Structure formats: structure tokens, C-alpha cells
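Scroll down for the structure; my scribbles are underneath it.
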Amino acid sequence: MTAVERAQGLFREVFGGEPALVVRSPGRINLIGDHTDYNDGFVLPMAIDADLVIAARPRSDAEVHAVSESQQAPADFELGSLTRDIGWGEYLKGVAWALGPGGLVGWDGAIASDIADGAGLSSSAALELATARVFASTSGIAWDPDAMALVGHRAENDWVGMNSGIMDQLICATARAGHARLIDCRHLTGPHVAIPERAVVMLLDTATRRQLIESQYNDRRASCEAAARQLGVGHLRDATLETLETGVLSPRLLARARHVIAENQRTVSAASALAAGELRMFGGLMNQSHDSLRDDFEVSSSALDAMALAAREAPGCFGARQTGGGFAGSCVALVDAERVEAFSQVALAGYNRQTGNTGKVTVCRAADGAGTIEL
């Protein structure tokens, strides 16, 4: 069954009757540009054809009652008395808080998702944007993708406590089918870039998982902010590789800053290469990005390194790198559309040979951003 069918079935089972609306938000995969968004830099993500779906029905009071196929405990809260707690429901609660709960209409909702948790596909942003879409529909709020991305981002940063950048929420809200998007994270602008028909984006799941709040993600952001202060710039986006030659940074901060500055340059160059159909150039920049994330930013893992290497050695691969926050999860590869089957077989076999793990390879199609589904 599809996520839509599962969400509707779960709604009937738990709440009875039919949902009044069904919304979806995609996951995302980042082609290049990791740990640059919270440094006011550039990223090149795309939404993927895997959705988180909420089947919902407005309530006559200010309560939210939600269940998820992947969670044992429900999420129940009163919009008029939001308090922080723990659990998956904090993402829903955080969105309500960021919207300003006064005037919001309560709802019952059932959630189903085809986005793997912890795989680096931004399941959290998908949940935030789908939740915002439900509140917009039930409470008569005009849907502004940019504004709703900021709502989701504020929920994740200031309510949940994950100090991530704006990339995930913005691409989940604004994506265009068939395209990646070069996003300037300072100005929240940037062009959509078509994915050439002769190229396929492949997701390579290492079958390893991490929890970002429990990882060193927040530490990496703090390191970047410290490096920017010591270099005398507002954000590392404003620094250059020449700036690093002043010698003011410790070796650790120097490596962190070097990754961010070079990654911004790689990302802008990669967007131009993709638009021009220069796939080998694009792939080479992907490879450089992974190596920098491994060596300078130190957010890779043995599994991610093994998968990236196995992918690069497989037929038809233009380039491969880890995607997402790092530490575990998935890699992304750009592959010749005529070599997908051979690539998949060789890459998975190589990964298994190196690690003993059984990975998974999926073709990712670039999808539209969050929206409602006609019933």
C-alpha cells in the first residue's frame, strides 16, 4: 500500500470515519553542499519521490491528537498550553508554537511515511512541513512556501533543539519536480536546476542510523561559529581560503572552516555543471565534497566511506558522496541512466564486501514540494 492508503487506513482505525484532508511532504536528498546552510552558504538539494503523509480531520476544540504507523505512543497536546516534552510529537508541537497557537484549529491525524528515519533524508523536515500544511488547511492560513519553511526551521531549532540550517525545510516546501535547487541560504533564493535526462540520482542506504541531536552535529555548528568570530566575519560564507592563511585558527577550527568555504565554491560550480550537462565535472565535485566531509569536517563514518568508494568503482558512476548531516545514513550518487542496474549490483556487492552490511539502492526522482492530495 502507498503511504496515502496507509495513512487513511490508520485514520479510520484510530479515529473512525474518513479524514477531511490528506497532505504530503517529500523527503530530500542533498546533491552537494553539506554543513553550509547554517553558515549562510549554498546548497543543492532536491525533494525525492518518497513522502510523509498525514490524513487529518479538524476538531471542534484546540486539541491535537496524532498517531504514527512508526511510533507506539500517540502525540496529544492542547494548543492553548504548549509545554516542551520528549518524543516525536515535539515536532508537531514545535510547528504549532512557531505558527503562534492562538487561532489555530485542533485536529486528529494519522501519519504514514515512506521516508526512512535517520537515513539522512530529512524525515523531520517532512514532518514539520506536512504538519504546517495541516494547520494551514484547518485554520485558514494562506500557504506561503518560504514562510512555512521558516516556521518548520524555527520549530526544529528553537523548540526541538536541533541547530540545523534552513536547507531541509526550504527544499521540502519549494521543490519542483524534475529539478534540484541551488539555494542561497542567506537570502533564501536561488534557481531550480533541471536534472539531465541521461543522469539518475541514486540513494545508497548504508543501513546504519544516527540521531542528530545525540550526535556531534551541534558541536560542528558551534565550531563554525567560533571560527567565524575569530576570522572577524559574520558567517563562514564571508570568509575565503586566503583568509585562513592568517593563522588565527586552531588546526581543528581551520579544518572545519576550510570545508565550509571550499564546499560553498564546489556547490556553486556544481550547479553550473549540472545545468550545462557536464556530468563528469559534477561527479568530480561530489567526490571532493565527500573527501572534505570525511577529512576536514569529520562527519563521515566507515560505512559511509565504504559506500561512497563502492559507488565510485561501480559502472556508470559520475560521482558519489555522503548526504545529510553525516555520521551514518546514506550516500548519493549521480549515475548514467543506461547503467543503473549494473551500477546497483556492483555498488551493493562492493559495500557488502567491505563492511559485511547489506545496503539498499534506490532511484530517486525529483519531486514537488509539500502540498495537499485530492481525495
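The values are calculated or read from the model by the stated rules, or taken from the named source; none is laboratory data. Values in this document were obtained by computation on a predicted structure and should not be read as measured data. Cβ: placed from backbone, ideal geometry, glycine included. Neighbour counts: every protein chain shown. To get the accessible areas, we keep the full protein, side chains included, count just its heavy atoms, and leave off ligands, DNA and RNA. Shrake-Rupley method; radii C 1.70, N 1.55, O 1.52, S 1.80 Å.
Side notes on the structure shown:
- Each residue in the range 154-174 was checked for being in contact with a Lys or Arg (Cβ under 6 Å, 6 or more places away or on another chain) and among the aliphatic types (A, V, I, L, M), and 1 of them qualify.
- Pairing each residue of the range 63-74 that is charged (D, E, K, R) with any residue that is open to solvent by 60 Å² or more (accessible area, probe 1.4 Å), provided the two are 6+ apart or on different chains, yields C-beta distances under 6 Å for Glu63/Glu78.
- From Ala349, Ala337, Ala370, residue being touching a Cys at 6+ places or on another chain (Cβ under 9 Å), at pLDDT 95 or above and either among the hydrophobic types (A, V, I, L, M, F, W, C) or under 17 Å from Ala207 (Cβ atoms) (or both): Ala370
- Candidates in the range 347-375 are the residues that are in a strand (DSSP E or B) and in contact with a Leu (Cβ under 7 Å, 6 or more places away or on another chain); of these, the one that is surrounded by the most Cβ atoms within 10 Å (Cβ to Cβ) is Val361.
- Residue-level analysis places Val299 among those that are of a type in the set (Val, Ile, Thr) and surrounded by 20 or more Cβ atoms within 10 Å (Cβ to Cβ).
- Only one of the numbered conditions (1) in contact with a helix residue (DSSP H, G or I) (Cβ under 8 Å, 6 or more places away or on another chain); (2) in a loop (DSSP other than H, G, I, E, B) is not met by Gly102, and that is (1).
- Whichever residue in the range 59-95 is in contact with a strand residue (DSSP E or B) (Cβ under 9 Å, 6 or more places away or on another chain), charged (D, E, K, R) and assigned to a loop (DSSP other than H, G, I, E, B) and, among such residues, is nearest to Leu150 (Cα to Cα): Asp85
- Lone unmet requirement of (1) open to solvent by 40 Å² or more (accessible area, probe 1.4 Å); (2) part of a helix (DSSP H, G or I); (3) among the small types (Gly, Ala, Ser) for Ala310: (1)
- Residues that are surrounded by fewer than 19 Cβ atoms within 10 Å (Cβ to Cβ), in a loop (DSSP other than H, G, I, E, B) and touching a Lys or Arg at 6+ places or on another chain (Cβ under 8 Å) within the range 1-54 comprise Gly17, Glu18, Ala20, listed in sequence order.
- Residues of the range 81-96 that are open to solvent by 70 Å² or more (accessible area, probe 1.4 Å) and of a type outside the set (Ser, Thr, Tyr): Arg84, Asp85, Ile86.
- Strands (runs of 3 or more DSSP E) wholly inside the range 144-225 containing at least 2 residues that are surrounded by fewer than 19 Cβ atoms within 10 Å (Cβ to Cβ): 192-194, 199-208
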